Every structure is written in structure tokens, then in C-alpha cells.
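Let me begin by presenting the structure, written as C-alpha cells, before commenting on it.
Please treat every number below as a calculation from the coordinates, not as lab data. Fair warning: this is a prediction, and the values are worked out from it, not measured in the lab. FYI the Cβ positions are ideal-geometry reconstructions off the backbone, even for glycines, and counts take in every protein chain you see.
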């Protein structure tokens, strides 16, 4: 689920981020904001988490009306997923999450940040749960510390998924020991998915 990279990635400053926006993307961002919809697509990184959490906090400041978050992600940095997960739970507005494409690894961590009745997915979505991985290196003592932290992270994530799905922790531990893929129907049976939707009206 994560390669534990202790370095801090560089990020664009705000004015540089504005320069990267195309004329077409600016009205799209405005329409998404007006629709109270946030997209989480691609790998989960610190830059993505910063952008997503900024949008969520801004929407929460403007209104307490519900927010829709659309997730399609292969996963990525666990702590960045934690930041989005915790922000969704922290803000006042209800958040509905729609899984599309694939909801994997740290993407699944974000997906379960809301109650099951607010978790939706489209018919072709795939879900993946597994344990975190790390790129331990350096001196033997450092490797030991990193390995210990990965095990603590694994146990914490297993508890989150057990609480979110209603599955016994022993079942989660067994399933996440290797890649555990689920279809939408299997996700409903597992307790991961609340409802499969074919169009926006199905989310009402």
C-alpha cells in the first residue's frame, strides 16, 4: 500500500500551480466547486492530498451541504491517504463517496472514511485491499525500526477496514495478507460497498 519514503517531495508554489492550469481547466474547477464535487484520481501523493483537503475544507467553509467525492486510484502513500481520510471525517458536511474504475490500497482507505450507506460505486469498479509494503534501507537498526513501523501500520489499517466492513479482524488479516480483489457485488457482500449505482439519480 505504501513505500515508506521519509523524504519530503517538492511541491509547486501556489502561483506556479496557477500557471499549470489551462484556460479550459479553470471553468471546470469552478463547476466542480459549485457542484460540491471533489475528484481523487491517480496515485495518492502528498501533493494530491494537499489539493483534495484544501478543496474539502473550502467547501465545508462555504456551506454544510453534502459533498460528493469521486475516487479512482491505484493507491499510493498511506499517510497521504490518512490525511484525506481524516479530513473527510473531520469536516461538518456529510460526504458521499463514489468509487469508479478501481479503488485500491490507499484509495480504499479513503473510500471507507464515510459510513457504508454513503459509499457508492459504479458497476465496473474493482476494489483491492492488501497490507502495506515498504522500501526499508540503511543501517540494520534503521531497517528494524522501519519494519516495526510497517507492522504497526498494517495493524492500524486492518482495524480501520474491520470497523468499516463489519468483518472480524481475523478475516481482514487473512484477506489482506495478499492482494484481495473484489467486484462491486463482492464488495457489497463484504460490507465494503453500500450501493451500486448506474447513474447520478441512484445516489439519492
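A compact table of results
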| quantity | calculated |
| --- | --- |
| Order of 153, 203 - criterion: other Cβ atoms within 10 Å of each residue's Cβ, fewest first | 203, 153 |
| Distribution of pairwise C-alpha distances over the stretch 14-203, 10 Å bins, in % | 9, 35, 34, 16, 5, 0 |
| Length-normalised contact order for the stretch 14-203 - Cα pairs under 8 Å, 6+ apart - percent | 18 |
| In nm, spacing of pseudo-spin labels at residue 45 and residue 63 (7 Å Cα→C-beta vector) | 3.2 |
| Using a Förster distance of 35 Å, the FRET efficiency for residue 31-residue 90 (Cβ separation, nearest 0.05) | 0.85 |
| Three-way shape label, the stretch 45-88, alpha-carbon gyration tensor, a/c 1.5 | prolate |
| Rounded Å value of the spacing that divides the Cα centres of the stretch 49-65 and the stretch 87-108 | 13 |
| Residues residue 148 and residue 198, FRET efficiency given R0 of 45 Å [Cβ-Cβ distance, rounded to 0.05] | 0.50 |
| Cβ crowding within 10 Å averaged over residues, with 176-182, 93-99 ranked highest first | 93-99, 176-182 |
| Length gained when the stretch residue 183-residue 155 is fully extended (0.36 nm per residue, less Cα-Cα span) | 7.6 nm |
